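The values are calculated or read from the model by the stated rules, or taken from the named source; none is laboratory data. Here the structure is a predicted model, which is why all the values come from computation and not from measurement. Here the Cβ positions follow ideal geometry from the backbone for every residue, glycine too, while neighbour counts run over all protein chains shown.
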Amino acid sequence: MTDNEAVEILLVEDNPNDVELALHALKKNKVSNRIQVVRDGEEALDFIFGKDTSSGGPSEQRPKMVLLDLKLPKVDGLEVLRRLKGDPATRSIPVIILTSSREEQDIVKSYDLGVNSYIVKPVDFQQFNEAIRQLGLYWMVVNQAPIH
């Protein structure tokens, strides 16, 4: 995988409707053309840390941003976040929790683990679209990330 093909956004979401909405919003707002979707936490960790034997290695798989649901099969979102923020090689990747959970303990735990932003999914499509647009604009355009 070359830099031109590198994934910009890793979307970790198990709900097919939410995946479709997020992809539509990202594409409509021209946030990114290179989006990888994984359906559970184990797949996300395998993608980022290079356990997928078909990949060229972990450093080539690192996205510029991770949109992460909390309630995932196999490995939950908090564990994915813990692993990403606990590894010096992936700590600087912005992780945005995009979840339906408004539980205070989830919010506190996410920030304790180093999440960059916590967003509760709007039910209304227009609100969801606007949230995705603003996320993409900030994290992919405005925010100055370190060069690796």
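Observations on the structure shown:
- Unmet requirement for R133, which otherwise passes all of (1) assigned to a helix (DSSP H, G or I); (2) at pLDDT 90 or above; (3) not hydroxyl-bearing (S, T, Y): (2)
- Unmet requirement for D18, which otherwise passes all of (1) modelled with pLDDT under 95; (2) assigned to a loop (DSSP other than H, G, I, E, B); (3) among the charged types (D, E, K, R): (2)
- Test: V115 is farther than 23 Å from N17 by Cβ, loosely packed, with under 15 Cβ neighbours inside 10 Å and among the hydrophobic types (A, V, I, L, M, F, W, C): no
- When P16 is tested against (1) under 13 Å from the mean Cα position of the chain (by Cα); (2) exposed (fewer than 15 other Cβ atoms within 10 Å of the Cβ); (3) within 16 Å of L98 (Cβ to Cβ), exactly one condition is not met: (1).
- Qualifying residue in the stretch 48-58 (condition: modelled with pLDDT of 95 or more, buried (at least 19 other Cβ atoms within 10 Å of the Cβ) and either charged (D, E, K, R) or over 14 Å from E13 (Cβ atoms) (or both)): no
- Of residues in the stretch 10-25 being touching a residue at least 24 places away in the same chain (Cβ under 8 Å) and acidic (D, E), the one nearest to V95 (Cα to Cα): E13
- Hits in the stretch 118-130 (condition: assigned to a strand (DSSP E or B), surrounded by fewer than 16 Cβ atoms within 10 Å (Cβ to Cβ) and not hydrophobic (A, V, I, L, M, F, W, C)): none
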